[in-house]
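*Asks:* Sharing a structure with you now.
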Amino acid sequence: MKEGTKVNLDDHDTGWAQNEELKEAGEEAVKEAAIKILEENRQSLATAQELLYASGAYSVLIILQGLDAAGKDGTIRHVMSGVNPQGCRVQGFKVPTSEELGHNFLWRYSKALPLKGEIGIFNRSYYEDVLVVRVHPELLVSQGLVTGKVTDKFWEDRYKDINAFERHLSRNKTLILKFFLHTSKDEQKRRLLERLENEDKYWKFSSADLKERAFWGDYTKAYENMLSNTSTKWAPWYVIPADHKWAARAIVADVITTGIQNLKLQYPKVTKEKMDEIVKAREELKLDD
């Protein structure tokens with residue numbers, strides 16, 4: 001999404017048929033192609049991750065945002081299933097502790113950033129600090145961050161802080177890929193009902209999901225403001241149609257794979273001394289009975 005774009009989520013279809021060409025192809029054909037693309041990208045991503053790890057030149061930060069039941073966990077599981085877990089870490093964030101609240105709102109996220117050569121995945125992120133607390137500003141009051149009404153300037157300053165933070169990361173060779181999994185209200189209802197009707201998914205249900213669903217309109221507005229104000233050249237947002245999980249996963253996998261490949265990474269160059277060692281070791285092994 002281009003920097004400065006004014007986002008209206010009603011203009012973004014949540015389904016698989018994003019254009020006339022896809023509609024003409026039909027859902028089954030598109031789904032089959034998407035599954036094939038996902039598998040190809042899983043293999044390419046495994047290769048790209050190995051190169052990322054070997055070169056140690058860049059880190060990759062993947063941010064996944066979405067309303068409850070948007071499919072964040074499943075996207076991580078399916079897209080990243082082929083990568084080496086040694087070079088990939090998933091980080092979730094719970095309600096901030098008293099220690100975390102004693103620092104600026106970006107502090108706890110800074111500690112979880114990926115190292116050079118690593119892929120770090122934030123399942124929700126610092127963007128919750130312009131989403132949940134915007135829908136529930138009383139949280140800011142209880143945290144002692146504001147008194148009285150929260151002004152528009154407060155949110156504008158937070159957007160600026162986030163943009164500056166991500167610009168700093170980008171300058172220091174962190175590739176930032178941000179995905180908003182965009183689902184419809186009807187699809188969220190279907191998925192929440194599935195959790196309530198399937199015994200194997202009872203563990204996923206939280207009464208908080210229904211409470212937050214009542215704020216659907218407020219969250220939509222908060223997401224629109226967030227997307228409009230924090231999509232930049234160095235860290236653009238990708239609005240992913242997520243009513244069909246197979247479509248969302250294929251798109252996310254393609255963006256991640258392409259993003260890492262575009263870094264034009266190379267394996268470390270071997271010195272002459274190291275090459276001499278390799279040649280010697282190879283010859284010794286060939287002669288080993």
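*Asks:* What's the number of the only condition in (1) under 27 Å from LYS245 (Cα atoms); (2) within 15 Å of the chain's Cα centre (by Cα) that TYR109 fails to meet?
*Replies:* Status for TYR109: all satisfied but (1).
*Asks:* Please determine, by comparing only the residues of the range 154-177 that are part of a helix (DSSP H, G or I) and either of a type in the set (Ser, Thr, Tyr) or over 27 Å from the mean Cα position of the chain (by Cα) (or both), which one is nearest to GLN49 (Cα to Cα). Break it down into steps so the answer makes sense when it comes.
*Replies:* Initially, the range 154-177 is screened for residues part of a helix (DSSP H, G or I), giving 154-171.
Among the residues that remain, those that are also either of a type in the set (Ser, Thr, Tyr) or over 27 Å from the mean Cα position of the chain (by Cα) (or both) are: 159, 170.
Values: TYR159: 31, SER170: 18 Å.
Going through the qualifying residues, I end up with SER170.
*Asks:* While we're on this one: Output the residue which, of all residues in the range 237-289 that are of a type in the set (Ser, Thr, Tyr) and modelled with pLDDT of 90 or more, is farthest from VAL79 (Cα to Cα). Full working, then the answer.
*Replies:* Our first condition is that a residue be of a type in the set (Ser, Thr, Tyr); within the range 237-289, this holds for 238, 257-258, 267, 271.
After this cut, where a residue has to be modelled with pLDDT of 90 or more as well, the list is 238, 257-258, 267.
On the way: TYR238: 16, THR257: 10, THR258: 13, TYR267: 24 Å.
So the residue we want is TYR267.
*Asks:* Then there is this: Being surrounded by fewer than 17 Cβ atoms within 10 Å (Cβ to Cβ), out of contact with any Asp or Glu (no Cβ under 9 Å at 6 or more places or on another chain) and within 22 Å of TRP216 (Cα to Cα): is that true of THR151 here? Quick ask: steps written out before the conclusion?
*Replies:* Details: surrounded by fewer than 17 Cβ atoms within 10 Å (Cβ to Cβ): yes; out of contact with any Asp or Glu (no Cβ under 9 Å at 6 or more places or on another chain): yes; within 22 Å of TRP216 (Cα to Cα): yes.
Spelling it out, THR151 is indeed surrounded by fewer than 17 Cβ atoms within 10 Å (Cβ to Cβ), out of contact with any Asp or Glu (no Cβ under 9 Å at 6 or more places or on another chain) and within 22 Å of TRP216 (Cα to Cα).
*Asks:* If you scan the range 263-288, which residues turn out to be within 30 Å of GLU39 (Cα to Cα) and either surrounded by 10 or more Cβ atoms within 10 Å (Cβ to Cβ) or touching a residue at least 40 places away in the same chain (Cβ under 8 Å) (or both)?
*Replies:* Across the range 263-288, the qualifying residues are LEU263, LEU265, GLN266, TYR267, PRO268.
*Asks:* For residues that are part of a helix (DSSP H, G or I) and closer than 15 Å to PRO241 by Cα, scanning just the range 8-22, find the one that is nearest to the chain's Cα centre (by Cα).
*Replies:* Only one residue fits best here, namely LEU9.
*Asks:* In the range 199-246, how many are farther than 30 Å from ARG167 by Cα and either crowded, with 21+ Cβ neighbours inside 10 Å or aromatic (Phe, Trp, Tyr) (or both)?
*Replies:* Of the residues in that region, 7 qualify.
*Asks:* Having 3 or more residues that are surrounded by fewer than 16 Cβ atoms within 10 Å (Cβ to Cβ) and of a type outside the set (D, E, K, R) is the bar; report the helices (runs of 4 or more DSSP H) wholly within the range 26-103 that clear it.
*Replies:* Working: elements: 27-55, 72-79, 98-101.
Passing ranges, in order: 27-55.
*Asks:* Out of ASP243, ASP200, ASP218, ASP254, which single residue is of a type in the set (Asp, Glu), in contact (Cβ under 8 Å) with a residue 12 or more places away in the chain and more than 30 Å from GLY26 (Cα to Cα)?
*Replies:* Of the residues listed, the single one that is of a type in the set (Asp, Glu), in contact (Cβ under 8 Å) with a residue 12 or more places away in the chain and more than 30 Å from GLY26 (Cα to Cα) is ASP218.
*Asks:* Take the residues in the range 134-153 that are charged (D, E, K, R) and more than 25 Å from the chain's Cα centre (by Cα); name whichever of them is farthest from LEU106 (Cα to Cα).
*Replies:* Within the range 134-153, the match that is farthest from LEU106 (Cα to Cα) is LYS149.
*Asks:* Testing SER59 on (1) modelled with pLDDT of 95 or more; (2) of a type outside the set (A, V, I, L, M); (3) closer than 30 Å to LYS221 by Cα, one condition comes back false. Which one is that?
*Replies:* Going through (1) modelled with pLDDT of 95 or more; (2) of a type outside the set (A, V, I, L, M); (3) closer than 30 Å to LYS221 by Cα one by one, SER59 breaks only (3).
*Asks:* A follow-up question, please. Test THR147 against the stated conditions and say whether it is farther than 30 Å from HIS244 by Cβ and modelled with pLDDT of 95 or more.
*Replies:* It is false that THR147 is farther than 30 Å from HIS244 by Cβ and modelled with pLDDT of 95 or more.
*Asks:* When you look at GLU100, is it modelled with pLDDT of 95 or more and acidic (Asp, Glu), yes or no?
*Replies:* Answer is no for this residue.
*Asks:* Let me ask you something else. Out of ILE240, ILE251, which single residue is in a strand (DSSP E or B), among the β-branched types (Val, Ile, Thr) and touching a strand residue (DSSP E or B) at 6+ places or on another chain (Cβ under 7 Å)?
*Replies:* It is ILE240.
*Asks:* Among the residues of the range 196-212, is any touching a helix residue (DSSP H, G or I) at 6+ places or on another chain (Cβ under 8 Å) and part of a loop (DSSP other than H, G, I, E, B)?
*Replies:* Yes.
The values are calculated or read from the model by the stated rules, or taken from the named source; none is laboratory data. Since we're looking at a predicted model, the values are computed, not measured. Don't worry about glycine lacking a Cβ; one is built from the backbone with ideal geometry, like all the others, and counts go over all protein chains shown.
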